[in-house]
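The values are calculated or read from the model by the stated rules, or taken from the named source; none is laboratory data. Everything numeric in this text was worked out from a predicted model, so none of it was measured. Backbone-built Cβ (ideal geometry, glycine too); neighbour counts: all protein chains shown.
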Amino acid sequence: MNQTDQMILIIDDDIAVQKSISLLLGQNGFLTACASFPEQALKIIEDNQPDLIILDLNFGNDTSGREGLGFLEDLKSLTPKIPVILITAWASISLAVEGMKKGAFDFLSKPWENKSLLQAIDTALKLAKPSFPVKDIKRKELDKRFDFSNMIGNSPQLLSVLETIGRVSGTDAGVLILGESGTGKELVAEAIHKNSTRKNNPFVKVNLGGLSVTLFESELFGHKKGAFTDAYSDRVGRFELGNGGTIFLDEIGDLDTVSQVKLLRVLQDKTYQVLGDSHTKKLDVRVVCATNRNLHEMVEKGTFREDLFYRINLITLKLPPLRERRGDILLLVKHFLDELKTIYRKDFISVNSKTMRWLESLHFPGNVRELKNLVERTWLLSGKSELDIADFEKAMEKKSVFPAKSSLPPAGSMTLDQIEKEMIQKSMDKFNGNLSKVAKALGLSRGTLYRRIEKYGIPFKQNN
């Protein structure tokens with residue numbers, strides 16, 4: 001890390017822990033100071049304020065962690081801007097979560113992994129540095145420093161999100177992206193990766209929606225031949241594919257509670273095991289998660305683990321819905337038209353100004369994804385070079401994939417799974433197996449569509 005002037009205070013009553021961490025930090029260019037109890041730590045802080053504090057939750061014979069939590073409150077009151085990283089045994093992670101609520105930046109379990117500790121320190125120090133002010137920030141300034149080519153818009157709401165992406169992307173901080181369906185959470189995850197030190201390594205996307213416990217383990221950790229029924233060959237898991245890079249866990253709010261425990265263990269220990277293999281593998285991957293669900297409410301209801309919630313949301317990004325950034329609709333429509341011109345090799349496709357003002361007045365519950373689908377569907381149906389309001393209205397009337405005269409089957413005649421399978425098969429036939437168009441028509445992400453195809457055993461050729 002090549003630091004020469006940053007000092008880290010280590011507070012732990014175990015001299016061996018003090019020496020071990022001091023040696024590690026010294027080898028990486030940090031200055032260190034050690035304290036065995038709170039009073040000694042306060043004296044060091046008074047004489048030479050540290051840039052970061054590593055705090056053990058237990059002192060002396062007290063193993064409840066309460067003394068450490070109490071001292072954490074004192075530290076945050078005395079030095080609120082100094083980041084504090086907690087170290088604790090796995091059994092007391094619930095206490096560490098309580099510490100996060102009280103202002104701790106992060107927590108690591110004992111025995112810690114040196115690389116994880118260094119990454120946590122590097123992330124905390126980088127995020128503690130003041131960034132350029134969000135107020136009056138200009139898109140041109142951001143584009144000079146970062147690659148936001150996939151993020152279209154110039155509204156203050158979007159610029160605030162982009163500033164945060166730029167600030168956190170250079171760290172290894174876990175990011176939780178929140179937002180309604182269609183707001184562009186996957187694009188944000190890609191932007192975080194493209195602007196990180198891991199940008200030349202893999203970016204792996206995993207859609208967690210609808211994954212059973214068995215599928216979750218096989219998908220993320222991989223499996224050995226014979227690990228379970230139908231495991232006819234070895235499979236490489238997504239974590240291994242993404243090692244050294246970034247893994248994007250979409251729809252994390254849909255993860256069942258059993259899988260939540262398994263994921264927490266991986267994120268906490270930075271290790272995992274392939275199904276059917278007793279060998280433990282180390283993990284070096286940045287985790288970015290996304291959901292359109294309210295995780296706070298799920299934590300309160302007990303459907304989402306609180307410790308996992310605090311592990312994945314070191315940084316939280318809230319994406320604004322399109323109705324809160326209507327000023328970006330013009331730029332988005334022009335961008336989508338440019339994409340159509342490129343895809344279909346057209347020299348000219350446009351929307352007149354009156355139609356553009358009309359589009360800006362519409363309510364898009366499906367957000368940017370709905371706007372994109374509408375623009376593409378309108379042009380495909382009209383075939384015109386200049387689109388007007390009538391063209392869009394006609395496309396909106398024919399939005400359904402199937403004719404209006406088609407009726408639903410009588411109640412009780414088909415299960416939901418049977419209906420879903422038939423819808424997918426009909427869409428596959430309609431779009432000649434083009435999975436991108438099938439996913440758009442059904443309102444699914446490609447990842448979710450893949451899972452449904454696998455679930456129902458629907459044959460397809462992965463050529464698009």
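If the condition is being among the acidic types (Asp, Glu) and over 34 Å from the mean Cα position of the chain (by Cα), then the stretch 341-391 contributes ASP347, GLU386, ASP388, ASP391. Report, by residue number, each residue of the stretch 177-204 that is under 18 Å from ARG293 (Cβ atoms) and under 10 Å from the mean Cα position of the chain (by Cα). Across the stretch 177-204, the qualifying residues are ILE177, LEU178, LYS185, GLU186, VAL188, ALA189.
In the set (1) outside any loop (DSSP other than H, G, I, E, B); (2) touching a residue at least 60 places away in the same chain (Cβ under 8 Å); (3) buried (at least 18 other Cβ atoms within 10 Å of the Cβ), LEU211 fails one condition alone, (1).
Scanning the stretch 241-266 for residues that are under 24 Å from ALA191 (Cβ atoms) and buried (at least 18 other Cβ atoms within 10 Å of the Cβ) yields GLY242, GLY245, THR246, ILE247, PHE248, LEU249, ASP250, GLU251, ILE252, GLY253, LEU255, LEU263. Scan the stretch 251-263 and give yes if some residue there is part of a strand (DSSP E or B) and either at pLDDT 95 or above or of a type outside the set (Gly, Ala, Ser) (or both), otherwise no. The answer is no, given that none of the residues of the stretch 251-263 is part of a strand (DSSP E or B) and either at pLDDT 95 or above or of a type outside the set (Gly, Ala, Ser) (or both).
So that you can scan it fast, the table gives a plain yes or no per residue for (1) under 26 Å from THR123 (Cβ atoms); (2) aliphatic (A, V, I, L, M):
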{"residue": "ILE21", "(1), (2)": "yes, yes"}
{"residue": "LEU24", "(1), (2)": "yes, yes"}
{"residue": "GLN27", "(1), (2)": "yes, no"}
{"residue": "CYS34", "(1), (2)": "yes, no"}
{"residue": "ALA41", "(1), (2)": "yes, yes"}
{"residue": "ARG66", "(1), (2)": "no, no"}
{"residue": "LEU72", "(1), (2)": "yes, yes"}
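Among the residues here, THR164 does not qualify as assigned to a loop (DSSP other than H, G, I, E, B) and either assigned by TED's automatic domain parsing to the domain that holds ALA290 or on the phi < 0 side of the Ramachandran plot (or both).
With the requirement that a residue be closer than 28 Å to PRO83 by Cβ, charged (D, E, K, R) and surrounded by fewer than 18 Cβ atoms within 10 Å (Cβ to Cβ), what does the stretch 308-340 give you? The one that is closer than 28 Å to PRO83 by Cβ, charged (D, E, K, R) and surrounded by fewer than 18 Cβ atoms within 10 Å (Cβ to Cβ): LYS318. In the set ASP230, ASP172, ASP147, only one residue is assigned to a loop (DSSP other than H, G, I, E, B), of a type outside the set (A, V, I, L, M) and more than 30 Å from GLN273 (Cβ to Cβ); that residue is ASP147. In the stretch 351-369, the qualifying residues are those that are in contact (Cβ under 8 Å) with a residue 40 or more places away in the chain and assigned to a helix (DSSP H, G or I), and the one that is nearest to LEU442 (Cα to Cα) is ARG369.
The condition of being touching a strand residue (DSSP E or B) at 6+ places or on another chain (Cβ under 8 Å) and surrounded by fewer than 16 Cβ atoms within 10 Å (Cβ to Cβ) holds for only one of SER350, SER361, that being SER350.
Any residue at all in the stretch 314-337 that's in a helix (DSSP H, G or I) and more than 22 Å from VAL375 (Cα to Cα)?
No: the stretch 314-337 contains no residue that is in a helix (DSSP H, G or I) and more than 22 Å from VAL375 (Cα to Cα).
Among the residues of the stretch 214-249, those that are farther than 17 Å from LEU264 by Cα and free of Cβ contacts under 8 Å to residues at least 40 places away in the same chain comprise THR229, ASP230, TYR232, SER233, ASP234, ARG235, VAL236, LEU241.
Would you call SER427 at pLDDT 80 or above, in a helix (DSSP H, G or I), polar (S, T, N, Q) and more than 22 Å from VAL206 (Cβ to Cβ)?
Numbers: at pLDDT 80 or above: yes; in a helix (DSSP H, G or I): yes; polar (S, T, N, Q): yes; more than 22 Å from VAL206 (Cβ to Cβ): yes.
Yes, satisfied.
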